[in-house]
Structures are given as C-alpha cells and as structure tokens.
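Beneath this line is the structure, given in structure tokens, with notes to follow.
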Amino acid sequence: SWKGSLQPKYDKACTATIKAENSGTYDLSGKLSYFNSLQAENKTTDTLKIVVLPKQLKVIQDWDKNVEIKNPFHINVSLQNRHSEEKMDVSATIEIPSNINILKYPPVLNKEFNILKRRLTLEPGSYFNYSLYLEASSEGDGPVKQQFAYIIKNINDVIDNYTFVNPIEPKPIIDFTSEYQELSPGQNFIVIVKLANPSRIKNNLGLLRI
C-alpha cells in the first residue's frame, strides 16, 4: 500500500511481491481512495486474472524402510512431466550423507564425491527413472537430499525432497530368567536363556556362556 500526495503531471508506481501457496485461478485488483479537493472518492482498478499452475514435476519415490548397517539397500525414484503439451528442463541434485556409501548408480548420473547430478529434458507426459544402490557404514540420521529444479513455459520451480534413512545395527536380545527366585541349599533349578535376533536381514552368530 502507499499513502501520499501526488503533484500535477506526476505519476507513482507501486509494486508488490505476492506468493501463491496453492494452485488455482485468482483475480487481483487494487483499490484507490483519494480526495479531489471537494470530496473523498474511491476507485477500483481493472481485475487481473492470474493462473497458478500445480506442480508440473511429479516425484515418486520408494526405498527400503528397514535399513541396517552393512546391508545394502535401494532408493528408487521416478520423475514425470505432468504437462500434456509442454516439455520440461530438469536439473537434479542428489546429496548422500557421509555415513552412507554409494555402491552403484546409473551411468547417466554424474558423480562428484557424495553428490550425483543430472540435467535432462522431459517430453510431455514422459518419465525418467533411476535407482541408487547404497550401504550404511554407521548409524546416523542425516537425510538423502534430493533437489529437482525445473523450467516449463518459462516458469521456474523447485522441489526439495528429504529421505531420512536412519540405519541401525541390530543386536541380539537376551532374556535371562530362573525357574525359582528362592531355593534351599543343594536344590537343583533351571536357568532359562532366550535369544532373539531382531535383524530382518542377516543371521547373528554368537557364543553364550553361563
């Protein structure tokens, strides 16, 4: 908004930065209140019709939810241009946290240390799919950061995607109980030990001594 005095033969330009939170069609207009030396008057500007497009890049992702240290896992990603008529230029950047090793990645991705990049053009309705084969070397909660910047119909947009892997190192669960809590000297009793392997992937080998 602006409030002030406008001299004869002068003009005043007012600008506003607006951000649309949701897609849809919006009507924008302004209202002017002024005094014409006799009385106060109001005037409404012409209406501007603004169309806010929905996200034109669709990101579909799937990954192994139960990740264990030293057991490889996959992250599968699919990118789709949702527009039926316009092509899309996409710049993808994938940053892998330091506790996760990249075992295998598509040759179409360019690798620099723990960062993978790719520039591509998606035709209307087309897909680009890739799969990463990774392995956690230690525990940690750093996310796999994926950023997809795209341009379509001269409109720029960015999608940020964070995948929290949270690898764990499963350890045997030991339940140690006795047949009796109280007994007399020389009485025999049974000690019961139950072992459980919480891992869903690998066998745990060990030696139990009592």
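Observations on the structure shown:
- Pairs of Cα atoms farther than 15 Å apart, segment 1-93, %: 79 percent
- Remark: segment 62-210 carries a charge dipole of roughly 400 debye about the Cα centre, counting +1 on each Lys and Arg Cβ and -1 on each Asp and Glu Cβ.
- Net charge contributed by nearby residues that have their C-beta within less than 12 Å of residue 92 (K/R +1, D/E -1): +1
- Net charge of the neighbourhood of residue 134, taken over other residues with C-beta under 14 Å away and scored Lys/Arg +1, Asp/Glu -1, is 0.
- Surface analysis of the chain yields an accessible area of 76 Å² per residue, using protein heavy atoms and a 1.4 Å probe.
- Simple spin-label estimate for residue 196 and residue 28 in nanometres, 7 Å along Cα-Cβ: 5.9 nm
- The length gained by stretching the chain between residue 20 and residue 2 to full extension, at 0.36 nm per residue less their Cα-Cα distance, is 4.3 nm.
- Taking each residue as 0.36 nm, the span from residue 45 to residue 177 lengthens on full extension beyond its C-alpha to C-alpha distance by 39.3 nm.
- Pairwise alpha-carbon distances in segment 43-110 exceed 20 Å for 53% of all pairs.
- Between the exposed loop cleavage positions of the chain, defined as chymotrypsin sites (Phe, Trp or Tyr not before Pro) in a non-H, G, I, E, B DSSP state with at most 14 neighbouring beta-carbon atoms within 10 angstrom, the longest gap is 11-112.
- Remark on segment 19-67: Rg and Dmax equal 22.6, 77 Å (Cα only).
- Alpha-carbon centroids, segment 48-96 and segment 134-187: separation in whole Å: 22 Å
- Cα-Cα separations in segment 69-173 greater than 17 Å, expressed as whole percent: 56 percent
- Computed from backbone phi, the HN-Hα couplings of segment 136-146 come to 7, 8, 7, 6, x, 10, x, x, 7, 8, 10 Hz, rounded to whole numbers (Karplus: 6.51 cos²θ - 1.76 cosθ + 1.60, θ = phi - 60°; Gly and Pro given as x).
- When the solvent-accessible area of the chain is split by element, carbon and sulfur atoms take up 49 percent of it, the probe being 1.4 Å.
- Inverse mean reciprocal Cα-Cα distance (Kirkwood Rh) of the chain, Å: 23.7 Å
- Within segment 15-83, GluC sites (Glu not before Pro) in DSSP loop having at most 10 other beta-carbon neighbours inside 10 Å: 21
- Over all pairs of different C-alpha atoms, segment 117-199 has a mean inverse distance whose reciprocal, the Kirkwood radius, equals 19.2 Å.
- Segment 92-138: relative contact order as a whole-number percent, Cα under 8 Å and 6+ apart: 51 percent
- Loop-located trypsin sites (Lys or Arg not before Pro) in segment 42-79, at most 14 other Cβ atoms within 10 Å (DSSP): 55, 65, 70
The values are calculated or read from the model by the stated rules, or taken from the named source; none is laboratory data. Predicted model, so just to flag it, every value in this text is computed and none were measured. Cβ: placed from backbone, ideal geometry, glycine included. Neighbour counts: every protein chain shown. In case anyone asks, the SASA skips ligands and DNA or RNA and just uses the protein heavy atoms, side chains included. Shrake-Rupley method; radii C 1.70, N 1.55, O 1.52, S 1.80 Å.
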